[in-house]
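One structure is given here, and the rest of the page talks about it.
The values are calculated or read from the model by the stated rules, or taken from the named source; none is laboratory data. This structure is a prediction, so every number in the text was calculated from the model and none was measured. Note that we place each Cβ from the backbone using ideal geometry, even for glycine, and neighbour counts take in every protein chain shown. Heavy atoms of the whole protein, side chains included, go into the accessibility calculation; ligands, DNA and RNA do not. Shrake-Rupley method; radii C 1.70, N 1.55, O 1.52, S 1.80 Å.
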Amino acid sequence: SSDSGGSGFSLAATALPERRRPGGGRPRYEVVRELGAEEVRWFYREDRKTWKPFIGYDSLRIELAFRALGSGGVKKTLFFVFFVCFFYLETEKIPVMRGQWFIDGTWQPLEEEESNLIEQEHLNRFKGQQLQESFDMEISKPVDGKEAIHSLKLSRNHVDWHSVDEVYLYSDATTSKIARTVTQKLGFSKASSSGTRLHRGYVEEATLEDKPPQTSHIVFVVHGIGQKMDQGRIIKNTAMMRDTARKVEEKYFSNLATHVEFLPVEWRSKLTLDGDTVDSITPDKVRGLRDMLNSSAMDIMYYTSPLYRDELVKGLQQELNRLYSLFCSRNPEFEEKGGKVSIVSHSLGCVITYDIMTGWNPVRLYEQLLQKEEEELEERWMSYEEQRLLEELYVTKQRLREIEERLHELKASTLSKPPVLKFKVENFFCMGSPLAVFLALRGIRPGTSGSQDHILPRTICNRLLNIFHPTDPVAYRLEPLILKHYSNISPVQIHWYNTANPLPYEHMKPSFLNPSKEATSTPEPESASAAPSPTTSPVLVRRHYGESITNIGKASILGAASIGKGLGGMLFSRFGRSSATPQTMETGKDGPEGDEKKATTAGSPPLPHSSSGFLEPTVELEHRIDFELREGLVESRYWSAVTSHTAYWSSLDIALFLLTFMYKQDQEETDKSNLDTM
C-alpha cells in the first residue's frame with residue numbers, strides 16, 4: 001500500500017488483538033503470550049547517545065514489516081533506509097533496535113541479544129500462565145523476602161524471576177557481588193539491593209493514531225561550503241533546526257493541525273569535480289590547514305570556475321528534485337492538498353539556489369558585455385573600411401541568431417523542456433548569505449521600484465528573506481540592491497523567542513540607522529565610485545540585547561572547526577573595514593558621510609522622513625527582506641564573528657521566525673478558503 005513505504009504489506013489487513021487496561025495502566029494481556037506488535041517499540045540512536053523511540057505510528061509499521069518479511073533474513077539497516085531516513089545518504093547509517101524488554105524508570109531498551117534470550121526464556125517458562133490482576137507501571141514494588149522462582153544466566157549478567165511480572169537483572173561483576181552481599185547482610189532483599197527491574201513490553205502502546213499532523217509544508221535545508229571536510233554535517237544541523245522548531249511548535253502553534261517538516265539536502269559529496277588534482281598540487285607544509293581550505297574555500301573557487309560551476313548547480317538541482325519526488329511518492333496527498341515548499345540555504349548555498357531558481361548563467365553576462373562593446377564601437381569615429389567590416393559582422397551575427405532561433409524552435413517542438421525545479425518555491429530563506437555581493441559583482445544596481453522582482457521575480461519565488469547576525473563576516477544585505485537609500489535604514493530586528501505579544505513584522509516601520517543622514521532615492525551611476533557600495537555589510541554601530549550567539553553554543557561548537565574555511569582573510573578585512581567606518585565618519589569630512597551629503601546636494605531632493613527617524617511610507621519596499629538577529633548582552637563581537645556564521649541552526653529566535661512566516665501564510669490561505677466556501 002502507498003502508506004507502507006513500499007514494503008508490500010497492508011496495515012489494514014493486519015488485525016491487532018484486543019487489549020484490556022486494568023487500573024488505567026499500560027494495556028496488558030490476561031495471560032502470558034507472545035508480545036503484540038503494538039507492545040514492541042523500535043528505537044534509533046544518533047551520535048552514540050541514548051536510544052530514542054520511534055513514534056507509535058512508525059514503530060508499528062516497522063514491526064509489522066519486520067514480521068511480514070521474516071526476522072531471520074532481514075537486516076535492520078534495510079529498515080533504516082526504508083522507514084527512517086530515506087532522504088539521507090546510504091553512508092549515513094543510524095543504528096536501530098527492536099525493544100522488547102525495558103529498564104525500569106528510564107524505559108531504555110535492553111540490548112537486543114540479551115532481550116531475545118530473556119524473551120525466549122520467559123515464553124518457555126511462563127507462556128499461558130495468569131498475570132497479576134493489576135499492574136502499576138509507575139511504582140516498582142520491592143520483592144523483599146521473595147525467592148527467585150526461575151533464573152537465566154547471561155554472559156555478564158543473570159536474570160531472576162520472582163513472579164511472572166517481577167523480573168530483575170543482576171550484574172555478575174565482582175564489585176556488584178560484593179555490594180549485593182553487604183546490602184543483604186544489612187537486611188535488604190537481593191532484588192532491591194542491586195538488581196535492575198525489567199519490564200516486558202513498552203510503557204506506551206504503539207498505535208496508528210500516534211503520528212505527527214499531516215505535513216503541509218516541507219523545507220529543504222541547503223548547506224554551503226565545507227561539506228567535503230565534514231560530510232553529514234548538514235544532516236546534523238538540520239536535525240538541530242528540526243528539534244528547535246518542534247519546541248517552538250509546541251509552545252506557539254500546538255493548536256494547528258498542519259505540520260512543517262525540515263529535510264536536509266546534501267549535494268556536495270556526490271560531485272567529482274577535479275578529482276584529486278588540487279590535492280596533488282598542494283604543498284606538504286601545514287598540510288592540515290591546506291587540506292581544510294581545499295575542502296571548504298575551494299568550493300567558492302569551483303563555483304566561479306566556468307569548468308566546474310555547472311556541475312555544482314546540477315548537483316544541487318538534481319538532489320532537490322530527487323528529494324521532492326521521493327517525498328511525494330511517500331506522501332501522495334501532499335500535492336493533492338496543495339502542500340508548499342520553502343528553501344533555507346546557508347552561505348554559498350544561497351547563491352547556488354538563487355542561480356537555479358532564476359536560471360542565471362555567466363554566458364548571459366558575457367553576451368551583455370559584447371553588446372555593450374558593440375554599442376561603444378558604433379559611437380566612435382571609424383574609417384570606411386572599418387564601417388564596412390562592422391556591417392558585415394553585424395549581418396553575420398544577425399543571420400547566426402536567426403539560425404539559432406530556428407534550431408531552438410525545432411528542438412522545442414520535439415522535446416518539452418522540464419522545469420528546472422519540480423516545485424514552486426514559496427519562501428527562500430537565506431542565512432549568513434553572500435548573495436548580495438555576488439549580485440553586485442554581476443552588475444545588479446539599485447532601481448527606483450520597491451519590488452522584490454528587481455532581484456528575484458515573485459513568479460519564481462513568492463517571498464525572499466535574508467537572515468543574518470550583525471557580526472557574521474560572510475553575510476551581506478539585499479535591500480540596498482533594490483532601493484539604494486535602504487543602506488541607511490535599519491534591518492528588521494528578529495524577535496526574541498520569549499517576547500510577549502511581539503509586533504507583527506509587517507507592522508514594523510522602517511527606521512533610519514542615523515536619522516541625521518539623508519540619502520538619495522534616485523540611483524546615480526556617475527557617482528557610483530564615490531557613493532558607498534549598495535551591498536553595505538550589516539551595520540555594527542547598534543547594540544541589541546537578546547539571544548547571545550555565544551549562548552547558542554551547540555551549533556557554534558559543532559561548526560567552530562569549519563570557520564577557517566577559507567574565510568580568514570575575508571573575516572579580518574571585513575572587521576578592519578567595519579571598525580574603521582565610524583571613525584572615518586566622525587573625523588574625516590570626505591568619508592562616506594561627506595560623499596552622501598555631496599550627492600544629496602547635487603542630486604534629487606532628500607528622502608522624506610519624520611523627526612522620529614521613521615521613513616515616510618511613500619518610498620518603502622513592498623515588503624522587508626533583511627532581518628537581523630539581536631546581539632547578546634555580554635557577547636564579544638570578535639568572538640561572535642568566529643562563531644556566528646555557523647550558529648544559526650539551533651537558534652530559537654530563527655526557528656520562531658521561520659515558522660511564523662510559514663504558518664501565517666498557511667493560515668491566511670485557510671481563512672480565504674473558508675471565506676470562499678461561505
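A few notes on this one:
- Computed 3J(HN,Hα) for the range 394-410, one whole-Hz value per residue from the Karplus formula 6.51 cos²θ - 1.76 cosθ + 1.60 where θ = phi - 60°, is 5, 4, 5, 5, 4, 5, 5, 5, 4, 5, 4, 5, 4, 4, 5, 5, 4, glycine and proline marked x.
- With every protein chain in place and a 1.4 angstrom probe, the accessible-area ranking of LEU152, LEU312, largest first, reads LEU152, LEU312.
- Nearest-0.05 FRET efficiency for LEU123 and ASN321, computed from C-beta distance (R0 35 Å): 0.10
- Cα-Cα separations in the range 301-356 greater than 15 Å, expressed as whole percent: 56
- Descending Cα extents along the principal axes, the range 195-312, whole Å: 59, 46, 23
- Fully extending the segment from HIS158 to GLU402, taken as 0.36 nm per residue of separation minus the present Cα-Cα distance, adds 79.3 nm.
- Applying 1/(1 + (r/R0)^6) with R0 = 45 Å to the Cβ-Cβ distance of GLN108 and LYS337 gives a FRET efficiency near 0.75.
- Among the listed pairs LYS236/LYS424; LYS52/LYS236; LYS211/LYS337; LYS270/LYS314, those beyond 21 Å (Cα-Cα): LYS236/LYS424
- VAL203 versus LYS49: modelled label distance in nm, points set 7 Å from Cα along the beta carbon direction: 1.8
- Sequence-distant residues sharing a close amide H with ASN466 (under 5 Å, placed H): CYS430, ASP626, PHE627
- Note that the range 234-248 has calculated 3J(HN,Hα) couplings of 5, 5, 5, 5, 5, 4, 5, 5, 5, 4, 5, 5, 4, 4, 5 Hz, one per residue in order, obtained from phi through the Karplus relation 6.51 cos²θ - 1.76 cosθ + 1.60 (θ = phi - 60°); glycine and proline are x.
- A Förster radius of 22 Å, combined with the Cβ-Cβ distance separating HIS150 from ALA173, puts the computed FRET efficiency at roughly 0.50.
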